[in-house]
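First up is the structure itself, then whatever we jot down about it.
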Amino acid sequence: MKTLVWVEHDGSAVKDATLAAVTAASKLGEVHLLVAGQGVDGVAKAAAQIAGVGKVHVADNAAFGHNLPENIAPLVAELMGSHDAFVAPATTTGKNIAPRVAALLDVMQISEILSVEDPKTFTRPIYAGNAIATVESSDAKLVLTVRGTAFEKAATSGGSGAVEAVSAGGDAGISSFVGAEIAKSERPELTSAKIIVSGGRALGSSEKYQEVIVPLADKLGAALGASRAAVDAGYVPNDYQVGQTGKIVAPEVYFAIGISGAIQHLAGMKDSKTIVAINKDEDAPIFQVADLGLVADLFNVVPELTAKI
Amino acid sequence: MKILVPVKRVLDYNVKPRVKADGTGVDLANVKMSMNPFDEIGVEEAIRLKEKGVATEIIAVSVGPAKAQETLRTALAMGADRAILVQTDDAVEPLGVAKILKAIADAEQPGLVILGKQAIDDDNNQTGQMLAALTGWAQGTFASAVNVEGDHVSVTREVDGGLETVKLKLPAIVTTDLRLNEPRYASLPNIMKAKSKPLDTKSPADYGVDTSPRVKTVKVSEPPVRSAGVKVADVDELVAKLKAMGVHS
């Protein structure tokens, strides 16, 4: 089987979620990549180094500069004439593009796969991860999105893919990019961080989040997260949100501080290797999944933890 | 312009899903069912556009069993003008739903179709994007703000790491994210009024759509259970355990 993996990038580097998609695709067969964008020579060269990559298709065109699905999906659909599976990371970009490709090809997409059982059979979470479905596709071609935390990341070196320019596609003329507000941060990205420190509603305010959670994260070089309750209460911006409706994460260590452990939050972090919970309510559901639990007032113990660790 | 709002009847989001013992799916017998929360946000957004004078008519559509009528009545009670139930007892996949919606869009010629970004049962996150592909219209997914400006709509999208704004030519497809709005509750008088609003019942065959599944569910199982670990007595013990795992500054 020949697969085509969508390379998500920021114009200069390949994003981590792509590497998990490459691993998933390698379980199906030969791995080809698609790098689309404007001025993406550097990304294409980096992509060609990813271990196990056979070929890198490069579509360099201003119309592909902002990942507009109206322009990208027809390009992918055309390339799918010579590929058997389209594989994209289940990021907001991948989720935006892949179903549009699937419908153009008249196939059903299989979303957020967790494993490849055989080349037609996959597992995927349903009901926010409260159940796992094993599903089998009967379509001639596959369109898959891949949950990044479920697969190892492919190595970014050792490959020697052949880079090939693609001239297909252009501007469909129905959409344009206006602007973006992307939070700039020195911290690791939530979805690829090794350690995450998350705060919940028990913090009570944005000031307390800054005062209690941020110093611990700083000391550990960790990413910052939050429960939906804390986001809804306005303590932190929405892109901090971990959970069913936010980011799905699986770091080495996840600190849940002042987070009760609603189903919707657990759905986003329960695959973390080690979960540390600090909560003053000993009956909080978070303790049912925590490897290390400390029943205490977070305002007392988190500063102490920050000082001692 | 008209706005089409597809809505799905799903297991209520407050109910913990239980996997059936025979592994064929999640038990939906005798449990509370509600409108998919993301679809509720879609209905609310359509109503707000009507209140602003942008939209003239809101048509709610559901593809599902006879009971999906209740979901449509909820949309009507919130403020939709009329409803179409495409009745079927089969589970219709996003591609099938998108094909039915495409046929309805052809007939109704809406300016916008506002869908939830995903249904909280199958978590597919596909229908809006697929409908956009089939109609050839632009798509603004995961919307946190929607502004109609003349023959365009500008959509602010929640993307990884922040927000992004795109400008789309109308007609267009919008899918909702959580922060787009807070849906209203239907008032009792409006619930009563909704009972007399028009609701057409159709079948997938009326639209010439073959809804046979492309994906077979082999089995549905419980996720791996994570067991509770240990409770530590104080910060010193926690620090010692973390250091033993290699976690320190």
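Laboratory data are not the source of any read-out in this text; all were calculated from the coordinates shown. Treat the numbers as computed from the prediction; the structure is a model and nothing was measured. Cβ: placed from backbone, ideal geometry, glycine included. Neighbour counts: every protein chain shown.
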Projected label distance in nm at A:Asp10 and B:Ala244, using a 7 Å step from Cα toward the beta-carbon: 3.8
What is the helix-to-structure angle for A:92-105, meaning the angle in degrees between its Cα long axis and the longest Cα principal axis of chain A, kept from 0 to 90 and rounded to the nearest 10? 30
Taking the mean number of other Cβ atoms within 10 Å as a proxy for protection, how do you rank A:52-59, B:182-189 from highest to lowest? A:52-59, B:182-189
Run the numbers for A:Glu136 and A:Glu181: contour at 0.36 nm per residue of separation, minus the present Cα-Cα distance, in nm. 12.3 nm
Highest to lowest packing among B:213-222, B:131-140, scored as the average C-beta count within 10 Å: B:131-140, B:213-222
If one compares the long axis through the Cα atoms of helix B:68-78 with the longest principal axis of the Cα atoms of chain B, the angle in degrees, nearest 10, works out at 80
Can you tell me, using C-alpha contacts under 8 Å and at least 6 residues apart, the relative contact order of the range A:66-165 as a whole percent? 29
Shielding by other protein chains, B:216-225, mean Cβ within 10 Å: 6
Percent of beta bridges antiparallel (DSSP, the range A:94-151, rounded to nearest 5): 75
Sum of side-chain charges, A:Lys141 neighbourhood, beta-carbon under 10 Å (Lys, Arg +1; Asp, Glu -1): -3
Within chain B, helix-based [θ] at 222 nm, where runs of 4 or more DSSP H residues each add -39,500 (n - 2.57), nearest 500: -8000 deg cm²/dmol
Summed residue charge, Cβ within 15 Å of A:Ser167's Cβ, Lys/Arg positive, Asp/Glu negative: -4
For chain A, averaging the sequence separation of alpha carbon pairs under 8 Å that lie six or more residues apart and dividing by its residue count, the contact order in percent is 15
Sum -39500 (n - 2.57) across every DSSP H segment of at least 4 residues in chain A, then divide by the residue count to get the 222 nm mean residue ellipticity, nearest 500. -7000 deg cm²/dmol
Let a ≥ b ≥ c be the square roots of the eigenvalues of the Cα gyration tensor of the protein assembly as shown; is it rounded (a/c under 1.5), or, if not, prolate (a/b larger than b/c) or oblate? oblate
Partner shielding of B:229-237, taken as the mean number of other chain Cβ atoms within 10 Å, equals 6
Compute the long axis of helix A:16-26 from its Cα atoms, compare it with the longest principal axis of the Cα atoms of chain A, and write down the angle in degrees, 0 to 90, nearest 10. 50
Give the Cα extents of chain A along the principal axes, in whole Å, largest first. 61, 39, 38
Could you give the dipole magnitude of chain A about its Cα centre, charging the beta-carbon of Lys and Arg +1 and that of Asp and Glu -1, in debye to the nearest 20? 240
Two decimals, Cα atoms only, Kirkwood Rh: what is Rg/Rh over the range B:80-125? 0.96
Neighbouring Cβ atoms within 10 Å as the yardstick, rank B:Met33, B:Met78 fewest first. B:Met33, B:Met78
Dipole check, chain A, charges on Cβ (K,R +1; D,E -1), about Cα centroid: among A:Val289, A:Val146, A:Asn61 the Cα furthest to the positive pole belongs to A:Val289
Using DSSP, restrict attention to beta bridges with both residues in the range B:1-99 and report what percent are antiparallel, rounded to the nearest 5. 25
Prolate/oblate/rounded call for the range B:46-160, Cα gyration tensor, a/c under 1.5 rounded: oblate
When the dipole is taken about the Cα centre of the range A:181-309, and only Lys, Arg (+1) and Asp, Glu (-1) are charged at their Cβ, what size is it in debye, to the nearest 20? 180
Quote the FRET efficiency, to the nearest 0.05, computed for B:Lys32 versus B:Asp206 with a Förster distance R0 of 22 Å and r equal to the Cβ-Cβ distance. 0.15
Fraction of beta bridges assigned by DSSP in the protein assembly as shown that are antiparallel (%, nearest 5): 35
Give, as a single signed number, the net charge of other residues whose beta carbon lies under 12 Å from the beta carbon of A:Gly268, with Lys and Arg counted +1 and Asp and Glu -1. +3
Each residue of the range B:126-140 in order: what ³J(HN,Hα) in whole Hz does its phi give by Karplus 6.51 cos²θ - 1.76 cosθ + 1.60, θ = phi - 60°, with x for Gly and Pro? 9, 4, x, 5, 5, 4, 4, 5, 5, 7, x, 8, 6, 10, x
Expressed as a whole number, the average count of other chain Cβ atoms within 10 Å around the Cβ atoms of A:286-295 is 5
Set B:Lys102/B:Lys197; A:Lys219/B:Lys241; A:Lys95/B:Lys50; A:Lys15/A:Lys208; B:Lys50/B:Lys197, cut-off 22 Å on Cα-Cα distance; pairs above it are B:Lys102/B:Lys197; A:Lys95/B:Lys50; A:Lys15/A:Lys208
Based on the mean of other Cβ atoms within 10 Å per residue, sort peptides A:118-126, A:190-198 so the most packed one is first. A:190-198, A:118-126
Work from the charge dipole of chain A (Cβ charges, +1 for Lys and Arg, -1 for Asp and Glu, about the Cα centre) and give the residue of A:Ala128, A:Ala13, A:Ser157 farthest towards its positive end. A:Ser157
Can you sort B:Asp121, A:Asp16 from fewest to most other Cβ atoms within 10 Å of each residue's own Cβ? A:Asp16, B:Asp121
For B:Lys169, list the aspartates and glutamates whose Cα falls under 12 Å from its own Cα; do not include residues on the same chain fewer than 8 positions away. A:Glu70, B:Glu149, B:Asp151
Based on the Kirkwood radius over alpha-carbon pairs, what value in µm²/s does the Stokes-Einstein equation return for the translational diffusion coefficient of the range A:3-76 at 10 °C and 1.306 mPa s? 131
State, as an integer percentage, the relative contact order of chain B based on alpha-carbon contacts under 8 Å between residues 6 or more apart. 23
Given a Förster distance of 51 Å, the FRET efficiency implied by the Cβ-Cβ spacing of A:Glu282 and B:Lys219, rounded to the nearest 0.05, works out to 0.90
What percent of all Cα-Cα pairs in chain B falls into each 5 Å bin, going from 0 up to the bin containing the maximum distance? 1, 6, 12, 16, 17, 14, 10, 7, 5, 4, 3, 3, 2, 0
Can you give me the orientation-averaged projected area of the convex hull built on the Cα atoms of the range A:126-268, in nm²? 13.5
The protein assembly as shown, dipole about Cα centre (Lys/Arg Cβ +1, Asp/Glu Cβ -1), debye to the nearest 20: 560
Label-point separation in nm, B:Ile191 to A:Ala62, each point 7 Å along Cα→Cβ: 5.6
